[in-house]
Amino acid sequence: MPVHYDPNIIQTHAEALYAQAKGLVVRGGLAGFAVGALVGYAVGGNNAGPTLAVVGGILLAIIGVAMARSRAFALQLQAQSALCSVAIEANTRRAADAAVAAARPAEVAQLSQVG
């Protein structure tokens with residue numbers, strides 16, 4: 001089965017990458033908070049456990065969001081690169097079609113002069 005170029009597939013892929021990047025930051029923050037809260041509560045024991053759980057949760061949530069943002073940026077950059085390729089192809093096709101259309105009247109004129 002021959003493969004044909006379809007810019008809609010690339011557009012859909014770019015949209016999926018953006019959605020994945022958006023969800024990644026939220027999940028990174030929630031996971032960081034959960035791990036930090038568990039570690040903080042385990043380290044704090046009975047007396048300081050809830051306080052350390054909140055502090056640990058907040059600290060690891062900040063770290064989780066920071067790490068997720070860098071990964072999300074990489075996904076957004078990948079999406080933009082794919083969209084840029086689609087735009088380049090569209091512009092190149094438009095320019096090539098214009099060049100072919102401009103060359104055709106000259107060929108037709110040459111043929112009509114000969115005949």
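Note on the range 4-115: with charges restricted to the Cβ of Lys and Arg (+1) and Asp and Glu (-1), its dipole about the Cα centre is near 320 debye. For the chain, carbon and sulfur atoms together expose 69% of the accessible surface, with a 1.4 angstrom probe and every protein chain in place.
With the charge dipole of the chain set up from +1 on Lys and Arg Cβ and -1 on Asp and Glu Cβ about the Cα centre, the Cα lying farthest toward the positive end among the listed residues A14, G32, V3 is that of G32. Residues in the range 75-82 carry Karplus couplings, in order, of 5, 5, 5, 4, 5, 5, 5, 5 Hz; the curve used is 6.51 cos²θ - 1.76 cosθ + 1.60 with θ = phi - 60°, and Gly or Pro positions show x.
Checking [x] -0.45, -0.95, -1.31; [y] -0.31, -0.76, -1.12; [z] -0.62, -0.91, -1.09 against log10 I(q)/I(0) by the Debye sum over Cα atoms at q = 0.11, 0.18, 0.23 Å⁻¹ calculated from these atoms, the matching label is [z].
So what is the 222 nm mean residue ellipticity for the chain from helices alone, if each DSSP H run of at least 4 adds -39500 (n - 2.57) and you divide by all residues, rounding to the nearest 500 deg cm²/dmol? Theoretical 222 nm ellipticity from helices: -36000 deg cm²/dmol. Taking the charge dipole of the chain about its Cα centre, with +1 at Lys and Arg Cβ atoms and -1 at Asp and Glu Cβ atoms, the residue from V54, A82, G64 reaching farthest to the positive side is V54.
The values are calculated or read from the model by the stated rules, or taken from the named source; none is laboratory data. Model, not experiment: these values are computed from the prediction. So basically every Cβ, Gly included, is an ideal-geometry build from the backbone, and we count neighbours across all protein chains shown. Areas reflect the complete protein model, heavy atoms only, side chains present, ligands, DNA and RNA absent. Shrake-Rupley method; radii C 1.70, N 1.55, O 1.52, S 1.80 Å.
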